[in-house]
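Everything below concerns the one structure shown next.
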Amino acid sequence: MNETQKYIIDQLESLREKSTDRDKSLEEFLFKTVMSKKFRKYSVNPEYQNHIRSAIELNVKNKEPIKVTLVFGGYKLWRFEEAPEPDWAELFSMIYYAHWLKPIADHYKPGVWFDFYSDDVIVQYIDNIPEEDTRQYGKVFQELLDFLKKYIPNNFKMTFHRVGDQYKSEEDFLADVESQKKKLLEKYGGKIPHLSEEQKETLNLNVRLTPEQEKNKRWQEEVQLLHDAYILVEKRRPYYRTPDKIVAITKKIDNTIAVGTTKTSIAKFWAGVGALKKTESGLIETILSPSQLSSVNPKWETIEIKGLEGKNFKQIRVVY
């Protein structure tokens, strides 16, 4: 067994270890675990801290799991050779979130429900990523969740759901998007607003340009309008903006809890690739964004872990 394989297996096996006894009342312990500075990367506004307490109290009262929903892209950035499937980045993030909330499962019998909520339904329309690619991503993502089950407590449920599944049909979904787009244009006086440089950089990274878009000077504004309309669709937010759910996300947004993706990473796992980084004390998992990947020179190392299938789990990048 080589060093990289041993490190990853050790991280998985560590999920079997029970956390130390709690030293607070149950609800305070649950709140402190959710708010752990070890895992969240930004402060949480007071209003949302109150919501977190309220959601915990409601779940405890109803003897239900503590419910956390993480909203994410649901695809692998097309610029990576790993696309369209998940890679080590997704697995490392799953392990990270399991470590975050596992103390709850250890000390609260109803446990935890950690739900990955995918925005993949819009990806083919704003990023020009084929639907079969996002379907394949979701298939392998679920396989990773199934793989992880044997390492986490039985009362720690990790699931994968999609915004698209909230609609009866694709036609219903697209009609909702078009309706929201029309409302936005009315709000903007019929004009598409100009974008910030940060917004343009994000679009340049994510969108696989079509020949038609390359000829269109305002393609960025048009894609951003479609994105903003999607955010407002009627069946997206009601899924997770409920009294009993806590919303996690990988960037700082009000009324969420912003968490990292590994101990040292804030890069989105679906827009990054997983790697191991060599340190003085050994190895540590990391997620590299496209710019980070281009600035380092990782070496590929062969690896094999029983039960981990898929094209992206036969080798791993190691940064020395």
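Among T202, G260, P243, whose Cα sits farthest toward the positive end of the charge dipole of the stretch 186-289 (+1 at Cβ of Lys/Arg, -1 at Cβ of Asp/Glu, about the Cα centre)? Result: P243. With the cut-off at 1.5 for a/c, could you classify the chain from its C-alpha gyration tensor as rounded, prolate or oblate? Because a/c hits 1.5 or more and a/b fails to exceed b/c, the chain counts as oblate. Applying 1/(1 + (r/R0)^6) with r as the Cβ-Cβ distance of L58 and D254 and R0 = 22 angstrom yields a FRET efficiency of 0.55. Here the stretch 287-303 and the stretch 14-55 have alpha carbon centers that stand 33 Å from each other. Counted by neighbouring Cβ atoms within 10 Å, the residues S19, S291 run from fewest to most as S291, S19.
Testing the spin-label approximation: label points 7 Å from Cα along Cα→Cβ at H194 and K306. State their distance in nm. Distance between the two pseudo-spin positions: 6.2 nm. Taking only the alpha-carbon positions of the stretch 84-240 and ignoring solvent, what does the Debye formula give for the base-10 log of I(q)/I(0) at q = 0.09, 0.18, 0.19 Å⁻¹? Calculated log10 I(q)/I(0) at the listed q: -0.40, -1.16, -1.22. Basic side chains Lys and Arg get +1 at the Cβ, acidic Asp and Glu get -1 at the Cβ, and with that the dipole of the chain about its Cα centre reaches some 840 debye. Between the beta carbons of E280 and R241, assuming R0 = 56 Å, the FRET efficiency works out to 0.80 to the nearest 0.05.
Taking other Cβ atoms within 10 Å as a rough exposure proxy, H227, H161 sort from fewest to most as H161, H227.
Full extension of the segment from D172 to E28, taken as 0.36 nm per residue of separation minus the current Cα-Cα distance, would add 47.6 nm. Pairs of Cα atoms nearer than 8 Å and 6+ residues apart set the relative contact order; for the chain it is 25 percent. A protection proxy built from the mean count of other Cβ atoms within 10 Å ranks the segments 185-191, 11-17, 255-261, 49-55, most packed first, as 255-261, 49-55, 11-17, 185-191.
Between the alpha-carbon centres of the stretch 207-270 and the stretch 75-152 there is a gap of 15 Å.
We did not get these values from a lab; they are worked out from the coordinates using the rules stated. Quick caveat: nothing in here was measured; it's all calculated off a predicted structure. Please note: Cβ atoms are built from the backbone with ideal geometry, for glycine as well, and neighbour counts cover all protein chains shown.
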